[in-house]
Amino acid sequence: MFFCFWGNLAGSLILVGLVYGTQLFHAQPAITTAAVYTIEYVEIKCTAGFGHVVARAFLCNWLVCLACYQATAAQDVLGKLAAIFFPVMAFVAVGFDHAVANMFIIPFGMMLGAPVTVGHYIVYSLIPTIIGNMAASIVMISFTYSMCYGTLPARIQKRVPLFAKVFGPVSQGASHESNMRDDSAHNRI
């Protein structure tokens with residue numbers, strides 16, 4: 001996690017420098033459109049309340065994790081592209097907060113002149129975004145999939161007897177080996 005965070009931050013800041021270095025946002029038409037919009041967008045992202053940012057980050061990472069699971073389940077390239085495209089475009093269009101996406105857009109807005117300090121960005125955007133992103137991946141994806149397809153219900157039933165009384169006995173299901181398809185007939189062809 002340590003290297004992932006710092007690697008994403010370094011890559012985002014390098015990209016900020018490269019995009020800013022192109023001088024595309026310094027041309028006259030761009031000053032009145034893209035640069036102004038980016039500055040306003042960064043101000044909005046850094047002035048929302050702590051709870052609002054956590055909620056936006058929660059919903060964002062739920063969509064991102066969903067995109068990853070859908071892409072893993074897809075069989076072909078077109079299916080993988082569609083599985084990733086729609087959830088990611090949904091979070092971008094709505095304006096949800098993702099820690100890595102904000103690592104680019106907020107420093108870029110700061111370079112364009114947004115009245116946001118590094119400390120303000122860390123306290124009011126980065127920390128609540130990381131909390132929301134982590135909560136969504138833990139609660140909505142990992143916990144849910146473990147309860148549905150993993151061994152978590154059986155382990156909870158062993159440790160918490162009330163669980164079995166409320167929800168009934170947990171079936172162990174078929175073993176992994178019995179779920180495997182016999183491919184020997186396919187191999188003979």
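The values are calculated or read from the model by the stated rules, or taken from the named source; none is laboratory data. All figures in this text were calculated on a predicted structure; none of them were measured in a lab. All Cβ positions, even for glycine, are placed from backbone atoms using ideal geometry, and neighbour counts span all protein chains on display. Accessible surface is based on the protein model in full, side chains and every heavy atom, while ligands, DNA and RNA are left aside. Shrake-Rupley method; radii C 1.70, N 1.55, O 1.52, S 1.80 Å.
Using alpha carbon centroids, what distance separates segment 1-78 and segment 123-149, in Å?
Computed from Cα coordinates, the inter-centre distance equals 18 Å.
State log₁₀ I(q)/I(0) for segment 11-67 at q = 0.12, 0.25, 0.26, 0.30 Å⁻¹ as given by the Debye formula over alpha-carbon point scatterers of equal weight, solvent excluded.
-0.46, -0.97, -0.98, -1.05
What is the percent of Cα-Cα separations in segment 1-133 that go past 18 Å? Walk me through the numbers before you get to the answer.
Working: 5198 of 8778 pairs.
I get 59 percent for the Cα pairs in segment 1-133 exceeding 18 Å.
Under a plain spin-label model, where a point goes 7 Å from the Cα along Cα-to-Cβ, how far apart in nm are ILE14 and VAL94?
My value for the distance between the label points is 3.2 nm.
Apply the Kirkwood formula to segment 29-102: the hydrodynamic radius equals the inverse of the mean of 1/r over all pairs of different alpha-carbon atoms; give it in Å with one decimal.
On the way: mean 1/r = 0.0729 Å⁻¹.
By the Kirkwood definition, the hydrodynamic radius is 13.7 Å.
Can you figure out the FRET efficiency of LEU24 with ASP76, using R₀ = 45 Å and their beta-carbon distance, to the nearest 0.05? Present the calculation step by step, with values, prior to reporting the outcome.
Working: r = 36 Å, r/R0 = 0.81.
That pair, LEU24 with ASP76, gives E of 0.80.
For LYS45, give me every one of the lysines with a C-alpha distance below 23 angstrom, ignoring sequence neighbours fewer than eight places off in its own chain.
none
How much solvent-accessible surface does THR33 expose, in Å² to the nearest 10, with a 1.4 Å probe and all protein chains in place?
Accessible area of THR33: about 80 Å².
Quick one: if you stick a label point 7 Å off each Cα along the C-beta vector at SER146 and LEU162, how many nm between them?
Label-label distance for SER146 and LEU162, simple model: 2.0 nm.
Evaluate the relative contact order of segment 21-150 (contact order divided by residue number), counting alpha-carbon pairs under 8 angstrom at least 6 apart; express in whole percent. Don't skip to the end; give the middle numbers.
Numbers: 133 pairs, mean separation 51.0, N = 130.
Reported relative contact order: 39 percent.
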